[in-house]
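Read the structure below first, then the notes.
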Amino acid sequence: MSNALRIVICDPRDSSREILKKYLLGIEEIWLEADCSRYDSFQDVIEQTSPDVAIVDLDSNPEKAIAVVQAVKTAQPNCGIIVISASTDGQIILKVIRAGAREFLNGPVKIEELVSALERVNDADSSRRKSKAGSIIAIAGSSGGVGTTSFAVNLAVALAAQPGRSVALVDLDLSLGDADVLMDTIPEYTLLDVAQNISRLDLSLLRKSLTKHDSGVYLLPRPVQLQDNDSVTPADFSRVISLLKASFTHLVIDLSKSYTPLDLQAIRSSDHVLLITQLDLPCLRNVVRLLMSIDTIEGVADRVKIIVNRCGLDKNQISIKKAEETIGRQVYWQIPNNFSVVSECRNNGVPFVQSSPKSNVSESIIALADKLYLEANADANPEDAAKDKKKNWLGFLNR
């Protein structure tokens, strides 16, 4: 998976700052956290954003700029600093490096040089900087009515319940999505609004474009008008995913049942694909069919996890053992049936993990959320896990 690199820039000159912003906004894996036009204000920006990389242009006032570099290095030692200057004075370059800059680029900077510098900064920091990128969880259904949206909403709420976790929920059923109804919210902005304005959003505006539920979950709902469905392209949605991933510890995406290009884009981008099914023959047959299709998408097969919903719904249900034989893989998790709790909460627009946290269905979802969190945390922090995989997620030059 690609992790977004969070960057802030400081350049008092409007012309060169705009060029630099244009370069950075054109790179999908980049999250431009903030841009600053004053050296005096840049340290405050750094403290508020805690970026991965700070880019400082030296030429407006070299003395002030070098002092800023030194202050940033002291305040944020893990922040990689790139300095840009038209100067070739060896003494100035030496001062910049001593102040704490990781890279020095001659201006006007070229995109290839900037990309190479970002690659080097990332490689130097990857072994000791914990990943800040979020875990993406796609919720897919084997059929309509298997409870994917209810599952997605309650999983998101369960994930958001613990300190240190921030969660965004995206409703990708562009025609009939009802995540906003299950959370009893009236969103002001939709996926269409965010996708169409993604190049102009910063972290603050992005969060303001989402609807915050009282559970702490940020919701991005489906468009209002059916005719707007085709207005969100896979490229737009890929950018939305990248920026949301940079801003939240968890991104839950409730897919449609049509498996559109947007759904497939979400599947390709996800760390986990939770395929929801019930223990009946039509659903299990669909699981087999879906797995055959998903397995053709490179690198995705191992991320798919089978979740059986409404276990115990009917005494004549197919057994878990028989279901596993039918689909050819193990069931990852079982959610017990509790019609009364789920139905009441659905009709009242309240997630059941909030209103009935001690019910069997809530306890099961909460336990699943904790398991997914621990798995994602282990992957993000290899020093704390047995599995240690280096993730090269800024391979711009190999495109």
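The values are calculated or read from the model by the stated rules, or taken from the named source; none is laboratory data. Predicted model, so just to flag it, every value in this text is computed and none were measured. Here the Cβ positions follow ideal geometry from the backbone for every residue, glycine too, while neighbour counts run over all protein chains shown. The protein model used for the area step is the full one, side chains on, heavy atoms only, and it has no ligands, DNA or RNA in it. Shrake-Rupley method; radii C 1.70, N 1.55, O 1.52, S 1.80 Å.
Can you give me the angle between helix 339-348 and the longest principal axis of the chain, using Cα atoms only, in degrees from 0 to 90, rounded to the nearest 10?
50 degrees
Could you work out what % of the accessible surface of the chain is carbon and sulfur, using a 1.4 angstrom probe and leaving DNA, RNA and ligands out of the count?
On the way: 8920 of 18420 Å².
Roughly 48 percent, rounded to a whole number.
Once label points are set 7 Å from the Cα along Cα→Cβ at both Asn316 and Ser231, what is their separation, rounded to one decimal in nm?
4.8 nm
Distance between the C-alpha centers of the range 33-87 and the range 285-312? Whole Å please.
47 Å
Between 0 and 90 degrees, rounded to the nearest ten: what's the tilt of helix 111-125 against the longest Cα principal axis of the chain?
70 degrees
What FRET efficiency would be calculated for the residue pair Gln48, Lys21, taking the C-beta separation as r and a Förster radius of 22 Å, to the nearest 0.05?
Numbers: r = 18 Å, r/R0 = 0.83.
E(calc), rounded to 0.05, equals 0.75.
I'd like the orientation of helix 281-294 relative to the chain: the angle between its Cα long axis and the longest Cα principal axis, in ° from 0 to 90, rounded to 10.
So the helix axis and the longest Cα principal axis differ by about 20 degrees.
Under unit Cβ charges (Lys, Arg +1; Asp, Glu -1), what dipole magnitude, rounded to 20 debye, does the range 303-353 have relative to its Cα centre? Working shown, then result.
On the way: 8 positive and 4 negative charges, 38 e Å.
Roughly 180 debye for the range 303-353.
About the Cα centre of the chain, how large is the charge dipole given +1 on each Lys and Arg Cβ and -1 on each Asp and Glu Cβ? Please answer in debye to the nearest 20. It would help to have the intermediate numbers written out before the result.
Values: 44 positive and 51 negative charges, 160 e Å.
It comes to approximately 760 debye.
Express the relative contact order of the range 168-292 as a whole percentage, based on alpha carbon pairs under 8 Å and six or more residues apart in sequence. Kindly include the intermediate steps, with their values, before the conclusion.
Numbers: 143 pairs, mean separation 40.5, N = 125.
Contact order relative to length: 32 percent.
If I model a spin label at Leu205 and Ala67 as a point 7 Å from the Cα along the Cα→Cβ vector, what separation in nanometres do I get?
Between Leu205 and Ala67, the label points sit 3.2 nm apart.
By DSSP, what percent of the beta bridges with both residues in the chain are antiparallel, rounded to the nearest 5? It would help to have the intermediate numbers written out before the result.
Numbers: 2 of 48 bridges.
Counting only bridges with both partners in the chain, antiparallel ones make up about 5 percent.
Would you mind calculating the relative contact order of the chain from Cα pairs under 8 angstrom and at least 6 residues apart, reporting the percent as a whole number? Please report the intermediate quantities before stating the final value.
Values: 703 pairs, mean separation 69.5, N = 399.
Answer for the chain is 17 percent.
Kindly provide the chymotrypsin sites (Phe, Trp or Tyr not before Pro) of the range 137-239 that DSSP labels as loop, not H, G, I, E or B, and whose Cβ sees at most 16 other Cβ atoms within 10 Å.
Tyr189
Let me have the 222 nm mean residue ellipticity of the chain computed from DSSP H runs of 4+ only, each contributing -39500 (n - 2.57), with the sum over all residues rounded to the nearest 500.
On the way: 16 runs with 172 residues, N = 399.
So the helix-based figure for the chain works out to -13000 deg cm²/dmol.
How high is the relative contact order of the range 1-156, in percent, counting Cα pairs under 8 Å that sit 6 or more residues apart? Walk me through the intermediate numbers first.
Numbers: 211 pairs, mean separation 28.6, N = 156.
Relative CO of the range 1-156 lands at 18 percent.
With point charges of +1 on the Cβ of Lys and Arg and -1 on the Cβ of Asp and Glu, referenced to the Cα centre of the range 210-349, which listed residue (Ala323, Ser238, Gly349) lies farthest in the positive direction of the dipole?
The one lying farthest along the dipole's positive direction is Ala323.
Stretch Asp214-Glu325 to full length: gain in nm at 0.36 nm per residue minus the Cα-Cα span? Don't skip to the end; give the middle numbers.
Working: separation 111, 0.36 × 111 = 39.96 nm, distance 4.19 nm.
Between Asp214 and Glu325, full extension yields an extra 35.8 nm.
Select from the range 1-106 those trypsin sites (Lys or Arg not before Pro) which occupy a DSSP coil region and have at most 10 other Cβ atoms within 10 Å, ordered by residue number. Before the final figure, lay out the partial values.
Details: sites: Arg6, Arg13, Arg17, Lys21, Lys22, Arg38, Lys64, Lys73, Lys95, Arg98, Arg102; in loops: Arg13, Arg38, Arg102.
Here no trypsin sites (Lys or Arg not before Pro) fit, given the DSSP loop and packing criteria.
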